[in-house]
Amino acid sequence: METSYQIEKNKALEAFNNTFTEEDNRYSHTLGVVKKALSLAEKYNVDKDKVYIAAILHDICKYYDINDAKKYLTEEELAECEVNEAYYHAYLASKYYLRNIGNDKEIADAIKFHVNGNDHLTKLQEIVLISDYIEDGRTYESCIYARNLVDKGLFYTAIYYSTLKTYEIVLKRGHRPGKYLEEVLVKYKEKMMTEKLQLLKEACDKVNASDIKCYNTALTSPFFDYNICASVTSNRQLNAIKSYVLEYFKDTPYSIRNVEGEDTDWVLVDCYDVILNIFTETERQRVDLDRLFENNEQVEL
């Protein structure tokens, strides 16, 4: 017996086939979004049926009539669409889903916010948002770059990067950012930090560092937000850390500003908002940065 979402999938597919022909670029684009979204749903253990429905319907109203918008959208939604006309088809598609396909709010919002998102997206909604930007048919340099970030596991970084590029285009065209665009940038800049810290943790693991501790120093230092301390047993490991950080940062928005202490017992890698300190065990005890930061929040890596 078919589940309610399987029935919705069939109805959504029928609506898609009745709207677009194979010659229409929206046809191939939408199928590309579906393919990418389903692969991410598998990776992040998200309901594939719901992802499929949102993905295949996200552009169903791409060729909207402005009178349809005035007929179905609220005054608040119309005001938001007037700021960014790209919202019209997304907001209408969400209404289309609710009128003709189903009543799942998460799916409806995944369709509604697939253009620029908002600051409280679920994982399902994040998947539809980024899949629209990085599906394999997108050949823009920024789309390829974001797609590579997702392939590296830098999911939040990709959302931030793609949103930043959209924001830059909006400003370049002399338009005002949509209601949620700046909120998304703030939200995902915070979330991408977890991925940057994880890359630094992987670099530490690569040199077999131990006793890795990360301190949140945003409230106590004007220069950096996080301070990582780790121990190694040899100078060979110390001297290798820079190359591994560069390896993990390659083709990402992250970079090293400076490295100090090479060929000593304490190598400091300045990654702008994060400082990575790699010590020999004896030097770590002598400098005792851990005691300096002991009252700061520790972040689990």
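The values are calculated or read from the model by the stated rules, or taken from the named source; none is laboratory data. Bear in mind the structure is a predicted one, so any value in this text is a computation, not a measurement. Ideal geometry is used to build each Cβ from the backbone, glycine not excepted, and the neighbour counts take in all protein chains shown.
Selection over the stretch 268-294 of residues that are more than 25 Å from L246 (Cα to Cα) and without any contact (Cβ under 8 Å) to a residue 40 or more places away in the chain gives a count of 8.
Within the stretch 101-115, the presence of at least one residue that is small (G, A, S) and surrounded by fewer than 21 Cβ atoms within 10 Å (Cβ to Cβ) is confirmed.
Does any residue of the stretch 75-90 turn out to be under 17 Å from the mean Cα position of the chain (by Cα) and assigned to a loop (DSSP other than H, G, I, E, B)?
Narrowing the stretch 75-90 to residues under 17 Å from the mean Cα position of the chain (by Cα): none.
For the stretch 75-90, residues under 17 Å from the mean Cα position of the chain (by Cα) and assigned to a loop (DSSP other than H, G, I, E, B): absent.
Kindly indicate whether any position in the stretch 210-227 is in contact with a Ser or Thr (Cβ under 7 Å, 6 or more places away or on another chain) and farther than 14 Å from I275 by Cα. There is at least one residue in the stretch 210-227 that is in contact with a Ser or Thr (Cβ under 7 Å, 6 or more places away or on another chain) and farther than 14 Å from I275 by Cα. Residues in the stretch 19-33 that are out of contact with any Gly (no Cβ under 9 Å at 6 or more places or on another chain) and without any contact (Cβ under 8 Å) to a residue 40 or more places away in the chain: how many? So the answer is 8. Does T220 satisfy being surrounded by fewer than 19 Cβ atoms within 10 Å (Cβ to Cβ), closer than 20 Å to N295 by Cβ and of a type in the set (S, T, N, Q)? In short, yes. Residues being touching a Gly at 6+ places or on another chain (Cβ under 9 Å) and in a helix (DSSP H, G or I) are represented in the stretch 103-118 by at least one member. Given the options N103, N116, name the one that is of a type outside the set (A, V, I, L, M, F, W, C), in contact with a helix residue (DSSP H, G or I) (Cβ under 6 Å, 6 or more places away or on another chain), modelled with pLDDT of 90 or more and in the same structural domain as E42 (by TED's automatic domain parsing). That would be N116, the only listed residue that is of a type outside the set (A, V, I, L, M, F, W, C), in contact with a helix residue (DSSP H, G or I) (Cβ under 6 Å, 6 or more places away or on another chain), modelled with pLDDT of 90 or more and in the same structural domain as E42 (by TED's automatic domain parsing).
Scan the stretch 185-216 for residues that are part of a helix (DSSP H, G or I) and either farther than 27 Å from I228 by Cα or of a type in the set (D, E) (or both) and jot them down. Residues satisfying the conditions are E190, E195, E202, D205.
Inspect the stretch 41-57 for any residue being part of a helix (DSSP H, G or I), surrounded by fewer than 18 Cβ atoms within 10 Å (Cβ to Cβ) and touching a residue at least 60 places away in the same chain (Cβ under 8 Å) and give the result as yes or no. No; the residues of the stretch 41-57 include none that is part of a helix (DSSP H, G or I), surrounded by fewer than 18 Cβ atoms within 10 Å (Cβ to Cβ) and touching a residue at least 60 places away in the same chain (Cβ under 8 Å).
Residues in the stretch 226-252 that are surrounded by 20 or more Cβ atoms within 10 Å (Cβ to Cβ), outside any helix (DSSP H, G or I) and not hydrophobic (A, V, I, L, M, F, W, C): Y226, N227, S231. Among residues of the stretch 131-151 that are in a helix (DSSP H, G or I) and surrounded by 24 or more Cβ atoms within 10 Å (Cβ to Cβ), those with a Cβ under 6 angstrom from a residue that is polar (S, T, N, Q) and modelled with pLDDT of 95 or more, sequence gap 6+ or separate chain, pair up as Y133/S162; A146/S162; L149/T157. If you go through the stretch 70-88 and pick out every residue that is farther than 24 Å from Y167 by Cα and surrounded by 15 or more Cβ atoms within 10 Å (Cβ to Cβ), you end up with 2.
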